[in-house]
Each structure stands twice: as structure tokens, then as C-alpha cells.
Amino acid sequence: MTAPLPNPLNTADPLVLYGETFASRLLLGTSRYPSPQVLENAVKQSNPGMITVSLRRQGTSTTEAHSGFWDLLKKMAVPVLPNTAGCHSPKEVIATAQMAREVFETNWIKLELIGDDYTLQPDTLRLVSTAETLIKDGFKVLPYCTEDLILCQRLVDVGCQAVMPWAAPIGTGQGPLNPYALKLLRDRLKVPLLVDAGLGLPSHACTVMEWGFDGVLLNTAVALADDPVAMAKAFAMSVDAGRTAHLSGAMKAQQSAQASTPLVGTPFWHQS
Amino acid sequence: MRIMVNQVAKEVPDNSTIDDVLVMIDAQPPFAVAINYEFVPKTRHAEEVLREGDEMEVISPVTGG
């Protein structure tokens, strides 16, 4: 196993959401790992700023399979971001968020309001009012949404201090499908933007960070890698590289070749 | 009376509280409870009386993305 990344990665340039500072710009999901031990090692290797968690009915095969998860969460001691995954109505979202607040003792909530089971596309028409309700109830809402500019603007208007547009449908690993809209979003909105869902490769994460996104949230790309622990580290490094590149100011692309080695004094050169 | 707990029908005595049902199903902490889509904080579990047909959700932490 390779050495863990130093924590925090960017002490001088931390991710700040709702006035709270996070050690990393990588937010990592906790689902679909081969084992709890692999999850724990992936978290250790990547030092995520937050890890996402969820809630399911007690007494089902899902919760029985996760009987040690609570103890693992306490052991990992990483800030948790509960989600409202699987909710299809505002009523379900609000009750789930309130239950999550009690269980996990946090006001953070990743707002997921699913509008279509095939694409897991959020219900954009009811997302804004649901976010507003949660914010008025004291939640720090990180809404999972599409890359639609007006939707994201409306989420900001009702008090979301950060927005999380998808790159592609959840779990597809396709990377940013609509670069134009994502870059436009970055250009138009001043709040922190985190790309959530659809990333498959560290290069995808690096790319959106180069565009100026403030962080990424991913799960499947790490959990389903042949070596999730190494992939977690690769994503953490790519997020850091992308952020550093963004702050460094990239050169403008050119149409014609520009020699990098000085021409003056080139041996054997003759003016034609 | 009959109520639903996590979508499973349960026969419980009249005037059962949430705490009574949690003991009956051997609920394991940590958990949270909702009745008919409304969250009920743990401070009210001892006093909240269930009614015929109520739908009770008892949920626990799991992994998530």
C-alpha cells in the first residue's frame, strides 16, 4: 500500500462551505465497496473533506449488512454528509433529512429529490422549494442538481450557499457530458460549485477542477475500481492537481506552433 | 390495533407509544422515527401515542453516495 496523502492537502486554500472549512476538496461516498476494510483504507488514503452516508429501514437486509457501519464512522472520524437518496417527494426528503439530523447529529444534508428512476435525474421542478424548506429549518443544504443555470441560480436565490450539479447520471462514470453548461455555470455563479455524480476517472475530476469548480463528490468510480484504495488516492491527487492548475492560470491555446526553444542563435540557421 | 412498522403489519395494544413499539421490535440504536411521513424526535417517543393504521418508519445509518 502506498503512503497516505498528507492531511490537509491545502491548508492555504481550503474548501469553505456555509462558512465551514474542510481539509479536502474531495467528498467521498461510502457505498458499494468490496468490504468495510477497503472503505476505511480508501478514506485513509484520500483524506476526504466529507463522506456521504444514508438511512434505511431497520430490520431489512440493507441495515443488517451495515450493522458495523456506525462504529466504522466513529472510527474514521471524518465529517459526514447524510443524503436523502431514494426520496421521490418533498415530504419524504424533509422527513428523511430531519431523521438524518437526529441520527448523525449534523445540519448538513445532501439534498436528493429523484424525478426519474431510469436516469436518477433530480426533480428540478420541486427541488428549489424543497431546498428552501430545509434551509428555513436550519439545514446546510448541498443540492444534487442538473447543470441548468437557472435552476442553480434559483437554488442560490433561496439560500443554498453551494450547489452540486451532476457531470453525468449517478454511477455512469461518463465524465462531464455538457462541458459548455458546466463552464457557463462556473462563470455565472459565484457560490462554491461541486460536481456531484457521473465522474469515472481522475482526469474527469481534474478537468472540472481546472474549470474552477470548488470540489467533487464521487463514490462509484472509487468503489468499483479494481483497487479502490489506490483509486481513492488517485482522485485526491487529481482534485488537488486540478485546483492548483486553476489557481495557476492556464495559458491560452494557440492555433499555430510556437517554438519553446529560443530561435536566436540557432546553429546553422541562415536568413532566407 | 394494527399499525405498519417499516411496511410490515404489526398488532399492538391500544394506546401504545412509539417507545412501546420500539421495545416490541427490539430496535437497535442508533435510529430515528417517523410516523406517517412526519419525523418524531426522540424526546417525544415516550409520549407519542400511535393510532390504528399509523405507518411508522424506523431507520438506521447505512453507507451512501
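Since every read-out is calculated from the coordinates, none of them should be taken as a lab result. All of these numbers come straight from a predicted model, not from anything done at the bench. Don't worry about glycine lacking a Cβ; one is built from the backbone with ideal geometry, like all the others, and counts go over all protein chains shown.
Things worth noting here:
- Cα-based equivalent ellipsoid, region A:179-235: semi-axes from gyration tensor eigenvalues, Å: 24, 9, 9
- The number of Lys pairs in chain A with C-alpha atoms less than 25 Å apart, excluding pairs fewer than 8 positions apart on the same chain, is 23.
- Inter-chain Cβ neighbour count for A:89-101, averaged per residue, equals 4 (cutoff 10 Å, partner chain atoms only).
- Other protein chain C-beta atoms within 10 Å of residue C-beta, averaged over A:13-20: 0.
- With R₀ fixed at 35 Å, the C-beta to C-beta distance from A:GLN258 to A:ASP227 puts the FRET efficiency at about 0.30.
- Estimated dipole of chain A in Debye, rounded to 20 [Cβ of Lys and Arg +1, of Asp and Glu -1, Cα centre]: 320
- When the Cα atoms of region A:1-142 are aligned to their principal axes, the ranges along those axes come out at 45, 40, 30 Å in descending order.
- Relative frequency of Cα-Cα separations exceeding 20 Å in region A:89-180, percent: 34
- Of the residues A:ASN41, A:MET164, A:TRP269, the one whose Cα sits farthest towards the positive end of the charge dipole of the protein assembly as shown is A:TRP269 (charges of +1 on Lys and Arg Cβ, -1 on Asp and Glu Cβ, taken about the Cα centre).
- Shielding of B:51-62 by partner chains, average beta-carbon count, 10 Å: 6
- Residue with peak Gaussian network fluctuation, chain A [Cα springs, cutoff 10 Å], from A:THR146, A:THR60, A:THR30: A:THR60
- Choice from A:ALA225, A:ALA131, A:ALA236 showing the highest fluctuation, given a GNM over chain A with Cα pairs closer than 10 Å: A:ALA225
- Across chain B, the fraction of Cα-Cα pairs farther apart than 18 Å, rounded to a whole number, is 28%.
- Label-to-label distance, nm, for residues given as A:ALA250 and B:LYS42 (7 Å Cα→Cβ offset): 4.8
- Applying a length cut-off of 18 Å (Cα extent along the axis) and a mean Kyte-Doolittle floor of -1.0 to the DSSP H helices of chain A leaves A:90-104, A:124-136, A:228-248.
- Projecting the Cα positions of A:GLY115, A:LEU142, A:MET76 onto the charge dipole of region A:29-156 (unit charges on Cβ atoms of Lys, Arg, Asp and Glu, taken about the Cα centre) puts A:MET76 furthest along the positive direction.
- Dividing the Cα radius of gyration of region A:142-261 by its Kirkwood radius returns 1.02 for Rg/Rh.
- Order by protection proxy (mean Cβ within 10 Å, highest first), peptides B:17-26, A:132-141: A:132-141, B:17-26
- Net charge contributed by nearby residues that have their C-beta within less than 15 Å of A:GLN153 (K/R +1, D/E -1): -1
- Taking the charge dipole of chain B about its Cα centre, with +1 at Lys and Arg Cβ atoms and -1 at Asp and Glu Cβ atoms, the residue from B:GLY53, B:PRO30, B:ASN15 reaching farthest to the positive side is B:PRO30.
- Computed helical MRE - 222 nm, the protein assembly as shown, DSSP H runs ≥ 4 contributing -39500 (n - 2.57), nearest 500: -10000 deg cm²/dmol
- Here the convex hull built on the C-alpha positions of the protein assembly as shown has a volume of 168 cubic angstrom per residue.
- For chain A, built as a Gaussian network whose Cα springs stay under 10 Å, the top-fluctuating residue of A:VAL158, A:VAL208, A:VAL128: A:VAL158
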